[in-house]
Amino acid sequence: MSYDGIPSLVETTGGHGETTLVVDAARIVEACTYLRDELGFNFLSDLTPTDYLGWGSRGVSGYIGTAAGRDMHGPGTQGLARVPDPKPKRFAVNYHALRLADDPARVRVQAWLDDGEEIDSVVPIWPTADWFEREAWDMFGIVFRGHPNLVRILMEDDWEGHPLRKDYPIGGEPVRFSGAE
């Protein structure tokens, strides 16, 4: 299938049996509308953000090993044996779309954002994006401009921060119990 007509298409890659279309985040609505209306991708099965903070820099891969952790890029540490290629921005927002027709297909649409950048909501295109975008905001702090109800969906309303960001403090949080301590 040819994806050449997609507005704002930056790059097309393939791997693991899936095609990835990297698009300009500023035109995500145009790209997704084209996929739905022109190519028949009528179902959004998932939306998954990824935080690449520190990607490609040297660091530790976990708490197993020495007190200082271990070099995640050193051979034999269950990490990568080489420094990975840099990413264009900190966050990737991945839209997994399906064409449910006689010739089914799936595609991943990927947009890149820096911390603090917003992206337009695709709820008007695929209504299933409603809770996916709320979860991405709640867990990662990614703002979906124009979302009809961008409020927390998993964390308590008064929760501070976004727990799946790589710069979120780990540990030391008191556990909240109802009733007696």
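The values are calculated or read from the model by the stated rules, or taken from the named source; none is laboratory data. Since we're looking at a predicted model, the values are computed, not measured. Note that each Cβ is placed from the backbone with ideal geometry, even for glycine, and that neighbours are counted across all protein chains shown. Only protein heavy atoms, including side chains, enter the accessible area calculation; ligands, DNA and RNA are left aside. Shrake-Rupley method; radii C 1.70, N 1.55, O 1.52, S 1.80 Å.
Only a single item in (1) within 20 Å of L9 (Cα to Cα); (2) open to solvent by less than 30 Å² (accessible area, probe 1.4 Å); (3) at pLDDT below 95 is not met by G62, and it is number (1). Filter the stretch 100-123 down to residues that are more than 24 Å from G54 (Cα to Cα), touching a helix residue (DSSP H, G or I) at 6+ places or on another chain (Cβ under 8 Å) and open to solvent by 20 Å² or more (accessible area, probe 1.4 Å), then give me how many there are. Residues meeting the conditions: 2.
Any residue in the stretch 25-37 that is in contact with a Phe, Trp or Tyr (Cβ under 9 Å, 6 or more places away or on another chain), of a type outside the set (D, E) and in a strand (DSSP E or B)? There is no residue in the stretch 25-37 that is in contact with a Phe, Trp or Tyr (Cβ under 9 Å, 6 or more places away or on another chain), of a type outside the set (D, E) and in a strand (DSSP E or B). For the stretch 39-53, check the following and say yes or no: at least one residue is of a type in the set (G, A, S), under 21 Å from D167 (Cα atoms) and modelled with pLDDT of 95 or more. Taking every residue of the stretch 39-53 in turn, none turns out to be of a type in the set (G, A, S), under 21 Å from D167 (Cα atoms) and modelled with pLDDT of 95 or more.
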